[in-house]
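Take a look at the structure below.
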């Protein structure tokens, strides 16, 4: 392989790694937003929101996670405990 080919390969790997890191930061921001929503909401608000349709933004995030199992797993690992605890406190799960 030529030095030029190796340089392009390394550059491509760096760009991919940067994209993955940015995606991770975005997922972290979304997870913190979801956690904050549950922590700041009253039980009455959560009960009311339960039946409401999802926003466009929420639908896009859900579709993204359906298409990316690794992102879905990382997101759920972050939000599961705070959300389930709040739902338990509010009597939304037994």
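Tabulated values for the structure
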{"quantity": "Qualifying residues in the stretch 79-94 (those that are loosely packed, with under 13 Cβ neighbours inside 10 Å and under 19 Å from residue 28 (Cα atoms)) - the one farthest from the chain's Cα centre (by Cα)", "calculated": "81"}
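Condition check ((1) touching a residue at least 12 places away in the same chain (Cβ under 8 Å); (2) surrounded by 12 or more Cβ atoms within 10 Å (Cβ to Cβ)) across all residues:
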position: 30; (1), (2): yes, yes
position: 40; (1), (2): no, no
position: 48; (1), (2): no, no
position: 65; (1), (2): no, yes
position: 73; (1), (2): no, no
position: 77; (1), (2): no, no
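No lab work stands behind these numbers, since they all come straight from the coordinates. Fair warning: this is a prediction, and the values are worked out from it, not measured in the lab. Don't worry about glycine lacking a Cβ; one is built from the backbone with ideal geometry, like all the others, and counts go over all protein chains shown.
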